[in-house]
Amino acid sequence: MTERKKILLRLDPAVHDAIAKWAADELRSTNAQIEFLLRRALGDAGRMPGNAGRPARRGRPPKPTPTAGPALDPDNGPETDSDAEPGGGAGGDRGDPGGSGRRRRDRGDGGDLEAAP
């Protein structure tokens, strides 16, 4: 993809706010919305250059493909933060503002947590 031009654009704050709201309604960034509007205006006026690149794809760029390596089985892979015990291991519970170091457990009834013995 070719290098994209960077420009400084001064806008009336009310115009910027209107474009930003419109962009949010269409799940675009304000920058992408401005480019969309400029491209549409150029096309409507018959002034879109034939060599203009395509607009940038919406959303996040695709993740790079992993290089050769061992495939990880989700059931037997390395432990992640989501697999760790709720208390976070040593150092006690992060949700314990008093810093007592005691772990907390769920009572199982949907109520509050209680300190584990």
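Taken over the range 21-57, residues that are surrounded by 13 or more Cβ atoms within 10 Å (Cβ to Cβ) and in contact (Cβ under 8 Å) with a residue 12 or more places away in the chain amount to 10. In summary, L37 fulfils each of the numbered conditions (1) modelled with pLDDT of 60 or more; (2) part of a loop (DSSP other than H, G, I, E, B); (3) out of contact with any Leu (no Cβ under 9 Å at 6 or more places or on another chain) with the single exception of condition (2). For the range 1-20, the set of residues classified as exposed (fewer than 10 other Cβ atoms within 10 Å of the Cβ), among the hydrophobic types (A, V, I, L, M, F, W, C) and outside any helix (DSSP H, G or I) consists of M1, I7, L8, L9, listed by residue number.
E114 meets each of the listed conditions (1) modelled with pLDDT under 75; (2) among the acidic types (D, E); (3) surrounded by 11 or more Cβ atoms within 10 Å (Cβ to Cβ) apart from (3).
The values are calculated or read from the model by the stated rules, or taken from the named source; none is laboratory data. Quick caveat: nothing in here was measured; it's all calculated off a predicted structure. No Cβ is skipped: glycine too gets one built from the backbone with ideal geometry, and neighbour counts run over all protein chains shown.
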